[in-house]
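The values are calculated or read from the model by the stated rules, or taken from the named source; none is laboratory data. Everything quoted here is computed from the prediction, not taken from an experiment. All Cβ positions, even for glycine, are placed from backbone atoms using ideal geometry, and neighbour counts span all protein chains on display.
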Amino acid sequence: MRMKADLIDLNDYPVEWWEKLLDLGHKIVSDPAAYAHACEGKIMGTLFYEPSTRTQMSFQTAMLRLGGSLIGFDNPATSSVAKGENIKDTTKIVSGYADILVMRHPTAGSVKAAALTADCPVINAGDGGHLHPTQTLTDLLTLKEEKGTLSGLTIGFCGDLKNGRTVHSLIKAMSCFKGNRFVLISTKELALPVYIKDVLSASGLEYKECSDLEKAIGELDVLYMTRIQQERFASREEYEKQKGCYVLDRKKMALAKADLIVLHPLPRVDEIEIAVDDDSRAMYFKQAEYGMYIRMALILTVLEGQAHIPLVKGREHRHTLCSNPNCITHKEKYLPHYFIGDGTTLICEYCDERTLAE
Ligand code: NCD
C-alpha cells in the first residue's frame, strides 16, 4: 500500500503525532524567526475551489514565513477546471510542480480523491461539509495555549452542527482525550450528523443535545460558536428559517464562567455580537493567529517526511455506490468505490457515510 504524508482526517494519525505537532507549534509561537529558512527551495501549491480568507492566507503566510514559495489558484474559473478538467488531472499535474498541496473543495471526500493520484502530500483545507483538520489543529493549539489542557473540558458547540465541518473535525479530535464533555446546542434541523454522534458514543464520553444557549452557557469551559452555513442549504427558504437562531451577546456572556473561552473558526455573520469582541474571554481573533503558527508546524513536519499514512484502509466494492449524494464519488465517476468493512453496512472511505453493501 502506498504511504504518503497526506492530511485528510486528523484521526488517521495517532494522538502522539498531534501532540508532537502542537509542541512544535508552541516553539514556533515563541520564536517564529528561528524557522525563517526551514523550507527554503520548497514550493506549496494551493488549490482553492471554494472561497477562503483565513485558511488560504494563513497557509500562504506560513509557507512564506518558512522561506518557501507559492503557486496555485483561488478561483477555479481562471484555471482549467473551468474547461471541465477533473480533480485527478489537476492534482496530478500540480503535484508535479509543487512539493506539497493544500486543497479546499465544496464536495465531501474530494481531497482524499486528490491525494489518491497526487505525487506529493496533500493537505485537506476543508472538503464540503465533511472535515477541516487544519482548523482543528488551530483549535487544539488555541486550547493548549489558552486553557493549558485538552482534557477534562466541558465544550459547547453552538449553531450549524449539521454542516459545520470544523465542528465535525474538532469533536472527532476532542473525543480522543479523557474527561471531556460535549454540549451540542442547535435546532433539530441543524443537529450533528449521526456518523459524528457515533464517534462520541464509541468514545464513552458524556454528551447531551439541547437547543437553548442561554441555559447551557453557564456550565461551559469552552464555547465554539459557528455560523449557519448558507451555501450548504438545499434552498434559500430553508436557510431563512434557521438564520439568526443563535446570537451570543453580552447578556449571555454575563451568565458564563469567568474563565470560559469563546472560539469561532470565522467568518462571523451575526452569531456573535460585535460588543462581545471586547470581552477578554473572546478568543477568536487570537485563534486565527494560532492557525498560522500551527500550519507552519504542519508544513515543516510534512516536508521533513515525518508523517506517513496508508491512504486506503478498506477495499474496493465495485457494485456499491455511496449513499451520500454529496460524496465526490457521485461527481467524479472514475473513482474506485473504497469502503471500510465487509458486512452489510459499509463506511465510505471518502465521506464516512454509512452505506448498505450491494
Ligand atoms: C470555516 C470553514 O471554511 O469551514 N472557516 C475557516 O476555515 N476558518 C468555517 C466557516 O466557513 O463557517
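Restricting attention to the range 327-345, does a residue exist that is surrounded by fewer than 16 Cβ atoms within 10 Å (Cβ to Cβ), part of a strand (DSSP E or B) and among the polar types (S, T, N, Q)? Within the range 327-345, one or more residues are surrounded by fewer than 16 Cβ atoms within 10 Å (Cβ to Cβ), part of a strand (DSSP E or B) and among the polar types (S, T, N, Q).
Listed here are the helices (runs of 4 or more DSSP H) enclosed by the range 177-276 that have at least 2 residues being in contact with a Ser or Thr (Cβ under 8 Å, 6 or more places away or on another chain) and more than 16 Å from the ligand (Cβ to nearest atom): 194-203.
Restricting THR90, THR149, THR138, THR117 to those that are more than 17 Å from the chain's Cα centre (by Cα), hydroxyl-bearing (Ser, Thr, Tyr) and assigned by TED's automatic domain parsing to the domain that holds ILE196 reduces the list to THR149. Restricted to the range 51-70, and to residues that are farther than 17 Å from VAL29 by Cβ and β-branched (Val, Ile, Thr), which residue is farthest from the chain's Cα centre (by Cα)? For the range 51-70, the residue satisfying everything is THR53.
One line per residue, one yes/no per condition, for (1) closer than 30 Å to LEU21 by Cβ; (2) touching a residue at least 12 places away in the same chain (Cβ under 8 Å); (3) not assigned by TED's automatic domain parsing to the domain that holds TYR224:
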site: ASP277; (1), (2), (3): yes, no, no
site: ALA282; (1), (2), (3): yes, yes, no
site: CYS327; (1), (2), (3): yes, yes, yes
site: LYS333; (1), (2), (3): no, no, yes
site: GLY341; (1), (2), (3): yes, yes, yes
site: CYS348; (1), (2), (3): yes, yes, yes
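Identify all residues within the range 284-305 that are among the charged types (D, E, K, R) and without any contact (Cβ under 8 Å) to a residue 40 or more places away in the chain; write none if there are none. Matches in the range 284-305: GLU289, GLU304. For the range 115-131, a residue qualifies if it is closer than 21 Å to MET63 by Cα and either outside any strand (DSSP E or B) or out of contact with any Asp or Glu (no Cβ under 8 Å at 6 or more places or on another chain) (or both), and the qualifying residues are ALA115, ALA118, ASP119, CYS120, PRO121, ALA125. Considering the range 282-311, the residues that are surrounded by 22 or more Cβ atoms within 10 Å (Cβ to Cβ) and of a type outside the set (A, V, I, L, M) include one that is nearest to the ligand (Cβ to nearest atom), namely GLY291. The residues of the range 47-99 that are under 27 Å from ARG232 (Cβ atoms), among the aliphatic types (A, V, I, L, M) and in contact with a Ser or Thr (Cβ under 8 Å, 6 or more places away or on another chain), listed by number, are LEU47, VAL81, ILE87. Here GLY109, GLY129 are screened, and the one residue that is modelled with pLDDT under 95 and either surrounded by 23 or more Cβ atoms within 10 Å (Cβ to Cβ) or within 20 Å of ILE347 (Cβ to Cβ) (or both) is GLY129.
If a residue must be under 16 Å from VAL312 (Cα atoms) and within 16 Å of the ligand (Cβ to nearest atom), how many such residues does the range 115-135 contain? Looking only at that region, the number is 2. Here the helices (runs of 4 or more DSSP H) wholly within the range 3-114 that include at least 2 residues being within 16 Å of the ligand (Cβ to nearest atom) are 54-65.
Cβ-Cβ distances below 7 Å connect the following pairs, each with a first residue in the range 234-254 that is touching a residue at least 60 places away in the same chain (Cβ under 8 Å), a second residue that is assigned to a loop (DSSP other than H, G, I, E, B) and charged (D, E, K, R), and a separation of six or more residues or different chains: TYR246/GLU271; LEU248/GLU271; LEU248/GLU273.
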